[in-house]
1. Residue by residue, what Karplus-based ³J(HN,Hα) values in Hz, rounded to whole numbers, does region 26-40 have, using 6.51, -1.76 and 1.60 with θ = phi - 60° and x for Gly and Pro?
2. With the Cα gyration tensor of region 1-75 in hand, convert its eigenvalues to equivalent ellipsoid semi-axes via √(5λ) and list them largest first in whole Å.
3. Got a sec? How would K97, K34, K22 order by Cβ neighbour count within 10 Å, fewest to most?
4. Can you bin every Cα-Cα distance in region 8-127 into 10 Å intervals starting at zero and give me the percent of pairs per bin, rounded to whole numbers?
Amino acid sequence: MASAYCVRADIEQMFGPVNVTKWADLDNDRDADKIAARIAAMIDDASNEIDDRLRGGSYEIPFGTAPKTVQLLAARLAGVLLYEARGVEDFESETGKPYHRLQWHRDRVDRVLSQIRSGARRLLAETIAYHNEAPMPVND
């Protein structure tokens, strides 16, 4: 099982506490315990997905301490998972067609994880156990 690579505050910083709470409140009953449990579950799911995508690559998985890039990816992905659990609720004003307003965030997670896995992006050396050559920091 993965370490939790982010916390609720990270998701709220990215998407706003009102959105995060709304997305996590699947029963629409404002039960703080259920909302907190749902957010924690999505953090675990996001962290596990990151581990699954990076396993077998250049980094020892799970990360002992998540590099900032991984922390932000986990927060971004957990927010997307919370949003998706409610179903697509957004519609284009001109066409009325549903759309996924967080698709950009999901695409960013996929792109950065692919870059890390392929070696095109390196994580900071002091936060990872690297198996091959010396890592080179990459700025986001």
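1. So the J values, rounded to whole Hz, are 5, 8, 6, 10, 6, 6, 4, 5, 5, 5, 4, 5, 5, 5, 4.
2. Numbers: eigenvalues 134, 30, 14 Å².
Computed over region 1-75, the values are 26, 12, 8 Å.
3. On the way: K97 9, K34 14, K22 18.
Ranked by crowding around the Cβ, least crowded first: K97, K34, K22.
4. That works out to 13, 41, 30, 14, 2, in percent per bin.
Taken together, the values in this text are just the output of simple stated rules run on the coordinates, not laboratory data. Please read all numbers here as calculations on a predicted model, not as lab measurements. In this analysis, Cβ positions are derived from the backbone assuming ideal geometry, glycine residues included, and neighbour counts consider all displayed protein chains.
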